[in-house]
Amino acid sequence: MQILCNENVTEKLYTLYNQLLAQHGDRKWWPADTPFEVALGAILTQATSWRNVEKAMDNLRNADIFTPEQIASISQAALERLIRPSRYFRMKAQKVRAFVEYIEKRPMHVMFTQDVPELREELLSIYGVGPETADTIILYAAGKPSFVVDSYTYRLFSRLGWVEGRYDYAKLRALFMDNLPHEVELFNKYHALIVRHGARVCLKKTPMCQECRLQASCAYYNSSEQES
Ligand code: SF4
């Protein structure tokens with residue numbers, strides 16, 4: 001993946017943030033009540049929509065299987081059944097189990113005493129925790145500044161003409177980490193706004209450009225306007 005916006009990146013990122021803020025209002029993300037719930041959602045949302053995660057979370061909640069201890073007490077088959085709506089449920093059940101077993105020995109609040117680089121490295125060493133899941137846990141469960149990027153971020157930045165080529169999580173994340181102050185509140189709201197924009201406006205198949213405040217600076221919109 002190539003980064004195409006190499007000049008005044010901080011200014012561009014703030015402009016984008018303010019445009020998204022003007023369009024969607026102040027937003028916060030991640031919908032969870034406990035750090036473990038954040039981690040659970042972050043694992044279950046891998047390669048699926050949040051809507052599917054909500055169904056799996058509802059199943060767990062309704063079955064009263066929502067804490068690490070409760071998850072550890074049920075069979076793998078039962079866990080798979082409960083999280084089935086999140087897709088790839090067999091693999092995800094293994095990942096959830098691996099995470100639960102890990103935090104039994106080393107609780108999350110102990111892990112969270114570390115600084116971001118060490119915490120990130122530890123999380124990435126746990127089976128099933130990739131960069132997006134690790135950053136989600138760091139930002140939303142630990143409350144430490146690690147920017148989360150995802151397919152919404154990549155789609156938006158590709159369409160704006162800021163990046164091109166294959167999705168590269170590390171490079172896209174570095175764009176934010178290297179050019180914005182490391183502030184939890186800013187990272188939280190920025191990611192929330194990008195998720196909102198990707199889910200409601202800059203849709204995968206049919207982006208709703210007529211409703212978008214980013215038109216003027218969007219390469220995709222400007223090239224499709226010229227064609228029509
Ligand atoms: S103008 Fe269209 S393609 Fe560009 S960011 Fe907005 S919705 Fe997406």
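So for region 184-228, considering every pair of alpha-carbon atoms, how many percent are separated by more than 16 Å?
Working: 442 of 990 pairs.
So the pairs more than 16 Å apart make up 45 percent of the total in region 184-228.
Computed FRET efficiency, Cβ-Cβ of Met91 and Asp58, R0 25 Å: what is it to the nearest 0.05?
On the way: r = 21 Å, r/R0 = 0.82.
After rounding to 0.05, the efficiency reads 0.75.
Contour minus end-to-end for Ser223 and Glu118, with contour as 0.36 nm per residue of separation and end-to-end as the Cα-Cα distance? Working shown, then result.
Numbers: separation 105, 0.36 × 105 = 37.80 nm, distance 4.35 nm.
Separation in residues times 0.36 nm, less the Cα-Cα distance, equals 33.5 nm.
Considering amide H positions built from the backbone, and no H for Pro or chain starts, which residues 5 or more places from Val163, or on another chain, come under 5 Å of its amide H?
Leu4, Ser158
Could you check the spin-label model distance between Leu4 and Trp50? Points 7 Å from the Cα along Cα→Cβ, value in nm.
2.8
Each residue of region 23-40 in order: what ³J(HN,Hα) in whole Hz does its phi give by Karplus 6.51 cos²θ - 1.76 cosθ + 1.60, θ = phi - 60°, with x for Gly and Pro?
With coefficients 6.51, -1.76 and 1.60, one gets 7, 10, x, 5, 10, 10, 9, 10, x, 7, 9, 9, x, 5, 4, 4, 5, 4 Hz.
Below 11 angstrom from the Cβ of Gly41, what's the summed charge of the other residues (Lys, Arg +1; Asp, Glu -1)? Present the calculation step by step, with values, prior to reporting the outcome.
Details: positive: none; negative: Asp33, Glu37, Glu54.
Result for the local shell: -3.
If you average 1/r across every pair of different Cα atoms in region 35-141 and take the reciprocal, what Kirkwood value do you get, in Å?
On the way: mean 1/r = 0.0730 Å⁻¹.
Final number for the Kirkwood radius of region 35-141 is 13.7 Å.
Work out from phi, with θ = phi - 60° and the Karplus expression 6.51 cos²θ - 1.76 cosθ + 1.60, the ³J(HN,Hα) of each residue of region 203-220, listed in order in whole Hz, and give x for Gly and Pro.
Rounded to whole hertz, the list is 6, 4, 7, 10, x, 8, 4, 5, 9, 9, 7, 9, 2, 4, 9, 9, 5, 4.
Provide the FRET efficiency to the nearest 0.05 for the Ile74-Leu203 pair, computing r from the beta carbons and using R0 = 41 Å. Each step should come with its number before you reach the end.
Numbers: r = 37 Å, r/R0 = 0.91.
The calculated FRET efficiency here is 0.65.
How about region 38-89: which chymotrypsin sites (Phe, Trp or Tyr not before Pro) there are in a DSSP loop, with at most 16 other Cβ atoms within 10 Å of their Cβ?
Values: sites: Trp50, Phe66, Tyr88, Phe89; in loops: Phe66, Tyr88.
Here the sparse-neighbourhood loop sites are Tyr88.
If the chain between Lys12 and Ser151 were fully stretched, how many nm would it gain, using 0.36 nm times the residue separation less the Cα-Cα distance? Intermediate values should be presented prior to the final figure.
Details: separation 139, 0.36 × 139 = 50.04 nm, distance 1.99 nm.
Fully extending the segment from Lys12 to Ser151 adds 48.1 nm.
Per the Kirkwood definition applied to all pairs of different Cα atoms, how many angstroms is the hydrodynamic radius of the chain? Don't jump to the answer; show the numbers that get you there.
Details: mean 1/r = 0.0536 Å⁻¹.
After inverting the mean inverse Cα-Cα distance, the result is 18.7 Å.
Hand me the GluC sites (Glu not before Pro) from region 131-228 located in a DSSP loop with no more than 15 other Cβ atoms within 10 Å, in residue order please. Please report the intermediate quantities before stating the final value.
Working: sites: Glu132, Glu164, Glu183, Glu185, Glu211, Glu225, Glu227; in loops: Glu183.
Those that pass, being in a loop and sparsely packed, are Glu183.
For Lys12, list the lysines whose Cα falls under 30 Å from its own Cα; do not include residues on the same chain fewer than 8 positions away.
Partners found: Lys28, Lys144, Lys171, Lys189, Lys204, Lys205.
Spelling out what I want: for every residue of region 57-65, take phi, set θ = phi - 60°, compute 6.51 cos²θ - 1.76 cosθ + 1.60 (Karplus), and round to whole Hz; glycine and proline get x.
For region 57-65, the Karplus curve yields 5, 4, 4, 5, 5, 5, 8, 6, 10 Hz.
Laboratory data are not the source of any read-out in this text; all were calculated from the coordinates shown. Keep in mind it's a predicted model, so treat the numbers as computed, not measured. Neighbour counts are summed over all protein chains in view; Cβ atoms, including those assigned to glycine, are modelled from backbone coordinates with ideal geometry.
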